[in-house]
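Okay, structure first, notes after.
Taken together, the values in this text are just the output of simple stated rules run on the coordinates, not laboratory data. What you are looking at is a predicted structure, and each value in this text was computed from that prediction instead of being measured. Cβ placement follows ideal geometry from the backbone for every residue including glycine, while neighbour counts extend to all protein chains displayed.
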Amino acid sequence: MSTQMLNLLLGFLVTFVLGVIAIPRLKKLKVGQIVRDDGPKEHLKKTGTPTMGGITIVLSLVILLGINAFKMPILVLPIIAVLGFGFVGFMDDYKKLVLKSPKGLSPMKKILGIFLVTAIFIILYINVFDLGTDIIIPILNQPYTLSLGAFVLFTSFILLATSNAVNLTDGLDGLASGVVAIIMTFFTLVAIKNQNAEMVVFGALTAGTCLAFLLFNSHPAKVFMGDTGSLALGGAIAAIAIILKMPLYLAIVAIVCILDTISVILQVGYFKLTKGKRLFKMAPFHHHMELCGIKETKVVLVFWLVTLIACAIAYVI
């Protein structure tokens, strides 16, 4: 059996087992989803659905990557990204769902946590693993070396922006987990092409983890990943893109996450400029599509298809 298939199955099986164990316990803890009353009415029935299921994603990846890290030390980098961002998301979920704090982790604490994880990742990337500051330009397929300062700023932006973009995309049953599975499959294929064994392991494990979580998270969802899972998966995507020198490719393969993020920025800006008017019926954009009459399952399928096409384009250019 090929390395990528073995790791895909391992990621799938471990996450599936953890899901079977964790979901009943999350129900007992009553860490249920809080649904906005100004959104699609169909979502109101999701109130109380167990959240924080992203714990299974984080645990699965940290355990499996940790085992492989003994012979592939560079896997420490994705472990830092997944565990670090996942922990920040967990603290936010814990405050909102367990301690019943409406606002969760304060924005300042959340930003500080994300910056701390980002700083550790970059220090290890440059000073310990000495991976250089070059990135590949899409289409040209040529490396370009950034100055150290520019690389630090750019990498920080990629880690922060990607983790938050996936977090915003996680709003419909199976949406984020499906999108991330497709994106990680793309990076796994690139890693196979480049003979990067470490990133083949990382990409395949993450794709398998997402597919297993999708069993519980597809419509109608039995569990949601919460910020714990979405921030961790955002960190995973950013990490593999940076290590493969392909952060610019995220502008293509993560197009639906970018679209959702831009829609939120535009909505907030327009709301403030017009003193209360809305550009979209609701942001992120996937909720706007729902309120336009498109069924949730169809929106999810469209976003998956767009991601698949985007990844195909990115692979051939």
With 31 Å as the limit, write out which pairs from Lys71/Lys245; Lys103/Lys295; Lys109/Lys295; Lys96/Lys193 have Cα-Cα distances beyond it, or answer none. Lys109/Lys295; Lys96/Lys193
Using 0.36 nm per residue, how much length does the chain from Ile313 to Val268 gain when fully extended, once their Cα-Cα distance is taken away? 13.0 nm
Within region 85-191, DSSP-loop trypsin sites (Lys or Arg not before Pro) with at most 11 other C-beta atoms within 10 Å are Lys100, Lys103
With point charges of +1 on the Cβ of Lys and Arg and -1 on the Cβ of Asp and Glu, referenced to the Cα centre of the chain, which listed residue (Gly89, Ala212, Leu160) lies farthest in the positive direction of the dipole? Gly89
Which whole-number percent gives the relative contact order of region 60-118, counting Cα pairs below 8 Å spaced six or more residues apart? 29 percent
Decide, for region 172-287, between rounded, prolate and oblate: order the square roots of the alpha carbon gyration tensor eigenvalues as a ≥ b ≥ c, take rounded if a/c falls under 1.5, and otherwise choose prolate if a/b is larger than b/c, else oblate. oblate
Between rounded, prolate and oblate, where does region 95-149 land on the alpha carbon gyration tensor, with a ≥ b ≥ c its root eigenvalues, rounded for a/c under 1.5, else prolate if a/b exceeds b/c? prolate
Might you report the magnitude of the Cβ-based charge dipole of region 110-262 about its Cα centre, with Lys and Arg at +1 and Asp and Glu at -1, to the nearest 20 debye? 60 debye
Long-range tail of P(r) for the chain (Cα pairs > 24 Å, %): 51 percent
Using a ≥ b ≥ c from the Cα gyration tensor of region 255-317 (square roots of the eigenvalues), is it rounded, prolate or oblate, where a/c under 1.5 gives rounded and otherwise the larger of a/b and b/c decides, a/b for prolate? oblate
About the Cα centre, charge dipole magnitude for region 90-139 (Lys/Arg +1, Asp/Glu -1 at Cβ), debye: 560 debye
For helix 296-316, what angle does its Cα long axis make with the longest principal axis of the chain, in degrees from 0 to 90 and rounded to 10? 20 degrees
So, in nm, how far is label Leu305 from label Ile123 when the simple model puts each one 7 Å beyond its Cα toward the Cβ? 4.8 nm
At 0.36 nm per residue, and after removing the present C-alpha to C-alpha distance, how many nm does the segment from Tyr144 to Ile23 gain when stretched out fully? 39.0 nm
Using a Förster radius of 41 Å, what is the FRET efficiency between Ile67 and Met108 based on their Cβ-Cβ separation? Nearest 0.05, please. 0.70
Dipole of the chain, positive direction: furthest Cα of Phe224, Ile57, Gly276, with charges on the beta-carbon: Gly276
Computed magnitude of the charge dipole of the chain (debye, nearest 20; Cβ of K, R +1, Cβ of D, E -1): 1100 debye
